[in-house]
Structure formats: structure tokens, C-alpha cells
Amino acid sequence: METKKAIGQRGSWFAKVDGTPLPCIHKYWLKGLRYHDRYRRHENASTVKIEELVDAIRSGGKVILTDDDASLNASGEVIGFDRTKYIAIYAVTAVEYDKDNGLRLNLSERLAHLE
């Protein structure tokens, strides 16, 4: 399997691989091959960024899985992430999003390793 390089920018929810921006998701929310991020850390923020990410996942059918350091509040809830590594590009299926339950999807196939 091919290894590619991902290039991201601080604060962006996308990274470029071969010049193409791909949406990033956090390994933190992955259980097996099922992903579920409730986006509770963004409850009071505009949903534009989330909807842009979800639209890109639905239209492109693939994501970058990232490893991150989670920042937690005093209650142990995630309030943010600092990206530490790009893991791989995955094809995805069963993409669902709504404001109450967040983003849910399945990783279906590893397409490329990332450095």
C-alpha cells in the first residue's frame, strides 16, 4: 500500500494530500471501524464548519484519520484536540449527521498510509 504525505494547517479540519483537501476525523472517537463524534465541544458555535466537513465526507467518500491529544475540561469532557499525527486515508460508508447525535460513519477500506 502506498504511503502519502498529508499537509494541514492549525485550526483547519482538512489536510491536503497530493494537493487535494480531505476532511479529518479524530481516532479518539473511533470504536473498531465505527466513528461517532457528538460535537459537544462545539454546541454553542456555528455549525457551518461541521456541515462543511460532513458535506465533504459525503461527497468525497473518504477521510483522513488523525491521532490527537485531547484537551479535557474539569468534568473530563473533550474541549479540543491538538493533532499529533496523520494515520491513513480511509473510504467511508453509512455517513450520518444531525445536531442531536453528531457525526457517525463507518471506515470501510484503508486507501493509503500517511506520514
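Descriptive notes on the structure:
- Count of region 80-107 residues which are in a strand (DSSP E or B), at pLDDT below 95 and either touching a Leu at 6+ places or on another chain (Cβ under 7 Å) or acidic (D, E) (or both): 3
- Pairing each residue of region 47-68 that is among the basic types (K, R) with any residue that is open to solvent by 20 Å² or more (accessible area, probe 1.4 Å) and in a helix (DSSP H, G or I), provided the two are 6+ apart or on different chains, yields C-beta distances under 8 Å for K49/H42.
- Scanning region 56-91 for residues being more than 17 Å from Y28 (Cα to Cα) and either in contact with a strand residue (DSSP E or B) (Cβ under 9 Å, 6 or more places away or on another chain) or surrounded by 13 or more Cβ atoms within 10 Å (Cβ to Cβ) (or both) gives a total of 7.
- Screening region 31-50 for residues that are open to solvent by 40 Å² or more (accessible area, probe 1.4 Å) and assigned to a strand (DSSP E or B) and picking the one that is farthest from D100 (Cα to Cα) gives K31.
- Matching residues in region 13-29 - criterion: being more than 10 Å from the chain's Cα centre (by Cα) and open to solvent by 40 Å² or more (accessible area, probe 1.4 Å): K16, D18, G19, T20, P21
- If you check A74, A94, A88 for being free of Cβ contacts under 8 Å to residues at least 60 places away in the same chain and touching a His at 6+ places or on another chain (Cβ under 6 Å), only one passes: A88.
- Residues satisfying the criterion are absent from region 18-30 (criterion: assigned to a strand (DSSP E or B), more than 28 Å from K5 (Cβ to Cβ) and of a type outside the set (F, W, Y)).
- Residue that is among the polar types (S, T, N, Q) and either assigned to a strand (DSSP E or B) or modelled with pLDDT under 95 (or both), where the choices are S59, S12: S12
- Positions within region 83-112 being of a type outside the set (A, V, I, L, M) and closer than 14 Å to A15 by Cα, in sequence order: R83, T84, K85, Y86, Y90
- Selection from region 27-55 of residues that are out of contact with any strand residue (DSSP E or B) (no Cβ under 9 Å at 6 or more places or on another chain), at pLDDT below 95 and not aliphatic (A, V, I, L, M): H42, E43, N44, S46, T47, K49
The values are calculated or read from the model by the stated rules, or taken from the named source; none is laboratory data. Keep in mind that what you see is a predicted model, and the values were worked out from it rather than measured. All Cβ positions, even for glycine, are placed from backbone atoms using ideal geometry, and neighbour counts span all protein chains on display. Quick note on the areas: whole protein, heavy atoms, side chains included, nothing else; ligands and nucleic acids left out. Shrake-Rupley method; radii C 1.70, N 1.55, O 1.52, S 1.80 Å.
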